[in-house]
Amino acid sequence: MGADPRVVGEVFDGTTLRDAAVDPRPTDFLSPTNAGLEGEAGNPHGPNVVSPEIHAAEGNRPVLAGLVSSDPAAQEAAETAHLVEWHSTAAPPAPEV
């Protein structure tokens, strides 16, 4: 017989999931654009934090067709450029000089 959840409480099996829009890390591949920014620009539920997804997804923009790069930086740049073309508010901030 299983444990009574009213007595045991929460039980986790495995590793808890991390939301890259809320807690982005430099090692995330194709993390949501603008994730981690201060203020409303980085609001994970706002219009500026948009996930390009892997190879895009049909919906708000057409699917990006083409070759997948073996270089993660090149692939991320291509996906982000395609995302910005169809969702201009997702443009990453300009680098500070």
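Bear in mind these aren't lab numbers, they're just calculated from the coordinates by the rules spelled out. Keep in mind it's a predicted model, so treat the numbers as computed, not measured. Cβ atoms come from the backbone with ideal geometry, glycine included; neighbour counts cover every protein chain shown.
Assorted remarks:
- Using a Förster distance of 41 Å, the FRET efficiency for W86-F12 (Cβ separation, nearest 0.05): 0.60
- Linear extension gain, S69 paired with L37, 0.36 nm per residue minus alpha-carbon span: 8.8 nm
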